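Working notes, structure below.
The values are calculated or read from the model by the stated rules, or taken from the named source; none is laboratory data. Keep in mind the model is a prediction, meaning the values are calculated, not measured. Backbone-built Cβ (ideal geometry, glycine too); neighbour counts: all protein chains shown.
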Amino acid sequence: MREPTHVDLADIAPRGRFHNVVALTGAGISAAAGLGTFRGAGGLWTAQPDVEAAMHAHELPGNVPALWDVWGGIRRRALMAGPSAAHQVLAELGVRVITQNIDGLHQDAGSTDVLELHGSAGRAACLNPACGYRGRSDLAGPPPPPGHVPPCPACGGQLRPDVVLFGETLDPHTWQAAQEAVEHADLMLAIGTSAFVTPAIWLVPMARDHGALCVNLNVDDSLPRLDPFHAHVIGDCQETLPRWLEQR
Ligand code: BV8
């Protein structure tokens with residue numbers, strides 16, 4: 001295994017040199033907003049593997065209350081905390097964002113070009129395929145009691161959060177748009193992701209194959225299982241990204 005490279009983002013990727021920057025973000029960019037991560041020490045799946053087991057498509061519809069508890073809870077906390085400094089840097093620089101997060105914080109920071117690979121807890125979808133209702137989740141008020149499942153306003157059935165579960169396919173238009181984005185990127189920044197979940201992480205070697213410089217920004221210096229990166233910037237992205245913004 002290679003040694004991780006510890007570099008400053010401004011040294012490896014001077015901002016002025018790149019005109020088509022794409023960021024692939026994960027839970028680590030929202031950790032500062034108190035949302036927590038999934039894997040590794042302190043991660044939700046690490047602490048509660050039974051909760052991860054409930055996040056699979058084959059557990060539907062019995063897992064819908066757990067889906068609202070987990071994903072609805074994350075969006076509620078995001079609404080209260082607001083975006084982090086790192087979200088704001090990406091918005092300020094107009095970086096194209098492809099996110100695995102379902103928390104809506106990139107849009108809350110002002111990013112307008114955001115592809116949500118795993119959907120959004122800010123939206124709800126009816127479980128009944130014959131109904132097909134999709135709309136905004138009503139998460140702004142006080143939290144409902146645990147186990148509450150909101151009713152579909154169209155058919156009275158059960159609503160689920162509009163997130164992509166393990167074993168479900170990603171929205172094909174979003175996935176296509178993400179592939180096109182990375183094919184045109186000259187710099188690809190993976191920020192706060194364990195680079196564990198497919199197909200999201202395939203975007204990095206795709207970007208690399210099309211000529212982008214691929215840089216991993218992570219607080220953890222252990223290398224991801226797949227390491228398609230040219231360089232690793234080890235540190236809190238709440239510090240490494242604002243430093244990059246300050247670079248003239
Ligand atoms: C698919 C939302 C085709 C919704 C999530 C066996 C059975 C079934 C499927 C599979 C299988 N084996 C492999 C698969 C494919 C599977 C997969 O990859 N599984 C993994 C676990 C092996 N993928 C899928 O199922 C995808 N669909 O492949 O379709 C198909 C069809 C039918 C059958 C099979 C395949 C769909 C994946 C959707 C996953 N959605 N959540 C829900 O689950 O209810 S997953 C979850 O992981 C998160 O939500 C997130 O979106 C995603 C990625 O996680 P990260 O964001 O990277 O977070 P993580 O905690 O891991 O890492 C955080 C990082 O931040 C850490 O490295 C940490 O060090 C760092 N960090 C922390 N703080 C900071 C920081 N870095 C910098 N600064 C800081 N301050």
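Taking the stretch 170-198 as the region of interest, how many residues are among the β-branched types (Val, Ile, Thr) and either touching a helix residue (DSSP H, G or I) at 6+ places or on another chain (Cβ under 6 Å) or touching a residue at least 60 places away in the same chain (Cβ under 8 Å) (or both)? Full working, then the answer.
Keep residues of the stretch 170-198 that are among the β-branched types (Val, Ile, Thr), which gives 174, 182, 191, 193, 197-198.
Now narrow it down to the ones that are either touching a helix residue (DSSP H, G or I) at 6+ places or on another chain (Cβ under 6 Å) or touching a residue at least 60 places away in the same chain (Cβ under 8 Å) (or both): 182, 191, 193, 197.
The total comes to 4.
Residues being surrounded by fewer than 24 Cβ atoms within 10 Å (Cβ to Cβ) and within 11 Å of the ligand (Cβ to nearest atom): count how many of those fall in the stretch 185-205. Explain how you work it out, then say what you get.
First pass over the stretch 185-205, keeping only residues surrounded by fewer than 24 Cβ atoms within 10 Å (Cβ to Cβ): 186-187, 194-202, 205.
Next, from what is left, pick out any that are within 11 Å of the ligand (Cβ to nearest atom): 194-202.
Residues that pass the stated criteria total 9.
Could you list, ordered by first residue, the pairs with Cβ atoms under 7 Å in which the first is in the stretch 222-248 and at positive phi and the second is within 12 Å of the ligand (Cβ to nearest atom) and at pLDDT below 95, at least 6 apart or interchain?
Gly235/Val219
How do the helices (runs of 4 or more DSSP H) wholly within the stretch 151-248 filter down when requiring 1 or more residues that are among the polar types (S, T, N, Q): which remain? Step through it out loud before you land on a result.
Values: elements: 172-183, 203-209, 237-246.
The helices (runs of 4 or more DSSP H) meeting that bar are 172-183, 237-246.
If Val164 satisfies all but one of (1) of a type in the set (Val, Ile, Thr); (2) crowded, with 16+ Cβ neighbours inside 10 Å; (3) within 11 Å of the ligand (Cβ to nearest atom); (4) more than 19 Å from Arg75 (Cα to Cα), what's the number of the condition it fails?
Condition not satisfied by Val164: (4).
Filter the stretch 123-157 for residues that are closer than 12 Å to Leu67 by Cα and not small (Gly, Ala, Ser); which is modelled with the lowest pLDDT?
Ranking the qualifying residues of the stretch 123-157, first place goes to Pro146.
Filter the stretch 1-35 for residues that are under 22 Å from Pro199 (Cα atoms), of a type in the set (Gly, Ala, Ser) and either more than 16 Å from the ligand (Cβ to nearest atom) or free of Cβ contacts under 8 Å to residues at least 24 places away in the same chain (or both) and give the result.
none
Find all pairs meeting these conditions: Cβ atoms under 6 angstrom apart; at least six residues apart or on different chains; first residue within the stretch 155-169 and closer than 22 Å to Asp103 by Cβ; second residue assigned to a loop (DSSP other than H, G, I, E, B) and within 9 Å of the ligand (Cβ to nearest atom).
What qualifies is Val163/Ile102; Val163/His118; Val164/His118; Val164/Leu170; Leu165/Met55; Phe166/Met55.
Taking into account only those residues within the stretch 39-54 that are hydrophobic (A, V, I, L, M, F, W, C) and assigned to a helix (DSSP H, G or I), which is farthest from Trp71 (Cα to Cα)? Working first, answer last.
Step one: filter the stretch 39-54 for residues hydrophobic (A, V, I, L, M, F, W, C), giving 41, 44-45, 47, 51, 53-54.
Now narrow it down to the ones that are assigned to a helix (DSSP H, G or I): 44-45, 47, 51, 53.
Details: Leu44: 12, Trp45: 13, Ala47: 16, Val51: 11, Ala53: 14 Å.
That would be Ala47.
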